[in-house]
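Reviewing the structure listed below.
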Amino acid sequence: MIDTPYVTLSCAVSLDGYLDTAGPPRLALSNPADFDRVDEVRSRSDVILVGAHTVRLDNPRLLVRDRDRQRRRTEAGLGDSPWKATVTASGDLDPHAAFFSEGDTAKLVYCPRDEAPRIHRRLGQAAEVVPLGETVRMRDLLADLGARGACRLMVEGGGKTLTQFLADDLVDELHLTVAPLFVGDRRAPRFVGDGDFPWTADNRARLVDAHPIGDVVLLRYALSARFEEVDLPPSNTAG
């Protein structure tokens with residue numbers, strides 16, 4: 001049997017549970033100290049995954065930024081940054097986006113089997129297109145990453161992707177940063193959509209850590225029996 005990667009789901013939300021505003025500019029919910037913490041978690045991962053909507057909307061680089069963390073990875077025989085992965089059904093992706101053009105690391109695009117030839121023609125050599133059945137199931141995606149030798153996956157969004165991983169009970173730990181502000185617009189993207197989630201009033205998620213990082217609060221939840229009690233990166237709790 002192939003072991004699937006340990007999954008850490010990481011995101012920042014407003015006090016009323018939104019990931020962003022309904023329109024541009026992009027809302028920065030975290031602060032510099034928390035962004036640095038996220039960079040440390042990235043540096044410990046083998047793969048970083050976001051949905052295709054996030055690639056289109058945010059144009060993320062998904063790279064480890066800190067030079068010392070890059071050096072630590074290279075000294076361990078790894079690349080400067082983890083592999084990048086995304087999921088798409090439409091293939092509406094720009095091969096010149098930062099996800100594809102920045103960073104000397106593997107880029108994986110998971111898609112439905114029947115759409116793979118068309119998406120491959122669109123992206124060319126910008127990424128490896130990986131077909132997965134009639135639709136992309138996150139469980140199958142994890143199995144493919146495990147077969148490639150990936151041990152740790154960091155999932156960063158957006159809401160649809162977060163919902164799929166959580167509703168399918170595929171997350172080992174959740175890092176939820178709460179920012180001290182309200183969005184107050186139901187058109188804005190929420191942390192998760194509708195779903196049949198394992199954690200209910202009768203099965204509450206286990207909170208293992210809660211501490212301030214400047215003006216935000218990090219909540220860390222253990223969501224599986226595989227949860228690893230590892231130290232969090234240092235943070236500036238005084239602001």
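The values are calculated or read from the model by the stated rules, or taken from the named source; none is laboratory data. Values in this document were obtained by computation on a predicted structure and should not be read as measured data. Here the Cβ is made from the backbone with ideal geometry for all residues, glycine too, and neighbour counts use every protein chain on show. Areas reflect the complete protein model, heavy atoms only, side chains present, ligands, DNA and RNA absent. Shrake-Rupley method; radii C 1.70, N 1.55, O 1.52, S 1.80 Å.
Just checking, does region 139-156 include any residue being open to solvent by 10 Å² or more (accessible area, probe 1.4 Å), more than 29 Å from residue 32 (Cα to Cα) and in a loop (DSSP other than H, G, I, E, B)? Yes, region 139-156 contains at least one residue that is open to solvent by 10 Å² or more (accessible area, probe 1.4 Å), more than 29 Å from residue 32 (Cα to Cα) and in a loop (DSSP other than H, G, I, E, B). Taken together, the residues in region 73-93 that are under 19 Å from residue 161 (Cα atoms), open to solvent by 10 Å² or more (accessible area, probe 1.4 Å) and not polar (S, T, N, Q) amount to 4. Name the residue that is least open to solvent (accessible area, probe 1.4 Å), counting only residues in region 41-59 that are touching a Gly at 6+ places or on another chain (Cβ under 9 Å) and farther than 26 Å from residue 147 by Cβ. Here the answer is 58. Test residue 135 against the stated conditions and say whether it is touching a residue at least 12 places away in the same chain (Cβ under 8 Å) and open to solvent by 60 Å² or more (accessible area, probe 1.4 Å). Judged against the criteria, residue 135 is a match. So is residue 89 under 22 Å from residue 44 (Cβ atoms), in contact (Cβ under 8 Å) with a residue 24 or more places away in the chain, touching a Pro at 6+ places or on another chain (Cβ under 8 Å) and small (Gly, Ala, Ser) or not? Against the criterion (under 22 Å from residue 44 (Cβ atoms), in contact (Cβ under 8 Å) with a residue 24 or more places away in the chain, touching a Pro at 6+ places or on another chain (Cβ under 8 Å) and small (Gly, Ala, Ser)), residue 89 does not qualify. Residue 62 is checked against (1) surrounded by 20 or more Cβ atoms within 10 Å (Cβ to Cβ); (2) over 14 Å from the mean Cα position of the chain (by Cα) and fails just one. What number does that condition carry? That leaves (2) as the condition not met.
Cβ-Cβ contacts under 9 Å between residues 6 or more apart (or on different chains), taken from a first residue in region 17-29 that is free of Cβ contacts under 8 Å to residues at least 24 places away in the same chain and farther than 16 Å from residue 56 by Cβ to a second residue that is of a type in the set (A, V, I, L, M) and assigned to a loop (DSSP other than H, G, I, E, B), are listed as 28/179.
One residue stands out in region 23-35 among those that are touching a strand residue (DSSP E or B) at 6+ places or on another chain (Cβ under 9 Å) and not polar (S, T, N, Q): the one that is surrounded by the fewest Cβ atoms within 10 Å (Cβ to Cβ), namely 28. Contact map, region 173-194: residues that are part of a strand (DSSP E or B) paired with residues that are surrounded by 20 or more Cβ atoms within 10 Å (Cβ to Cβ) and of a type in the set (Asp, Glu), Cβ distance under 7 Å, separation 6+ or inter-chain. Pairs shown: 177/34.
State yes or no: is residue 20 in contact with a strand residue (DSSP E or B) (Cβ under 9 Å, 6 or more places away or on another chain), within 23 Å of residue 171 (Cα to Cα) and either among the acidic types (Asp, Glu) or surrounded by 20 or more Cβ atoms within 10 Å (Cβ to Cβ) (or both)? Criteria not met by residue 20.
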